[in-house]
Amino acid sequence: MIVWHNTTDASRIPEYVTAGQEVELWIGTYPIEGGQSVWLEITLYTVDGRELFCKMPAQWNSNNEQRSNSYWVMNLGSFDSGDRVEYRIYGSKEDELVSCNDTFSFEVS
């Protein structure tokens with residue numbers, strides 16, 4: 001199983017986040033297989049100095065049979081100006097655990 005994000009087919013919407021704007025993450029997996037799961041570990045650093053951590057599951061959205069890809073989506077909600085969000089994406093199928101090579105982040109303006 002391969003997991004990816006921050007590409008043209010699996011992006012963060014919007015790319016540049018402003019306060020109060022809903023943030024949606026798209027994640028791709030390969031190949032299409034039953035029994036897969038995708039989740040994120042997210043840390044929110046608030047402007048007032050708090051650090052909040054959570055794990056959240058992504059929801060399967062669709063398959064692209066031609067490319068043998070599955071696509072997953074997660075709505076992160078909205079944030080306040082000055083917040084910083086860091087997240088890492090993981091996937092699994094049975095005993096196989098994979099993750100994106102990168103930790104992703106954005107700052108809210």
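Could you check, for segment 81-103, whether at least one of its residues is over 18 Å from Thr18 (Cβ atoms), small (Gly, Ala, Ser) and modelled with pLDDT under 95? There is at least one residue in segment 81-103 that is over 18 Å from Thr18 (Cβ atoms), small (Gly, Ala, Ser) and modelled with pLDDT under 95. Scanning segment 83-93 finds no residues that are in a strand (DSSP E or B) and without any contact (Cβ under 8 Å) to a residue 40 or more places away in the chain.
Going by the conditions given, is Arg67 charged (D, E, K, R), within 14 Å of Ile2 (Cβ to Cβ) and either touching a Cys at 6+ places or on another chain (Cβ under 7 Å) or part of a loop (DSSP other than H, G, I, E, B) (or both)? Yes; evaluated as a whole, the condition is true for this residue.
All told, Phe79 meets the bar of being among the hydrophobic types (A, V, I, L, M, F, W, C) and not in a strand (DSSP E or B). Condition test on Thr43, is it without any contact (Cβ under 8 Å) to a residue 40 or more places away in the chain, of a type in the set (Val, Ile, Thr) and over 19 Å from Asp95 (Cα atoms)? It is false that Thr43 is without any contact (Cβ under 8 Å) to a residue 40 or more places away in the chain, of a type in the set (Val, Ile, Thr) and over 19 Å from Asp95 (Cα atoms).
Rundown of residues vs (1) farther than 15 Å from Ser11 by Cα; (2) under 11 Å from the mean Cα position of the chain (by Cα); (3) surrounded by fewer than 16 Cβ atoms within 10 Å (Cβ to Cβ); (4) not small (Gly, Ala, Ser), yes/no style:
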position: Ser70; (1), (2), (3), (4): no, no, no, no
position: Leu76; (1), (2), (3), (4): no, yes, no, yes
position: Phe79; (1), (2), (3), (4): yes, no, no, yes
position: Asp102; (1), (2), (3), (4): no, no, yes, yes
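Among the numbered criteria (1) of a type outside the set (Phe, Trp, Tyr); (2) in a loop (DSSP other than H, G, I, E, B); (3) in contact with a Gly (Cβ under 8 Å, 6 or more places away or on another chain); (4) modelled with pLDDT of 95 or more, which single criterion is violated by Ser109? For Ser109, the exception is condition (3).
The values are calculated or read from the model by the stated rules, or taken from the named source; none is laboratory data. Since the structure is predicted, the reported quantities are computational estimates derived from the model, not experimental observations. Using ideal geometry, Cβ is built from the backbone for each residue, glycine included, and neighbour counts are taken over all protein chains shown.
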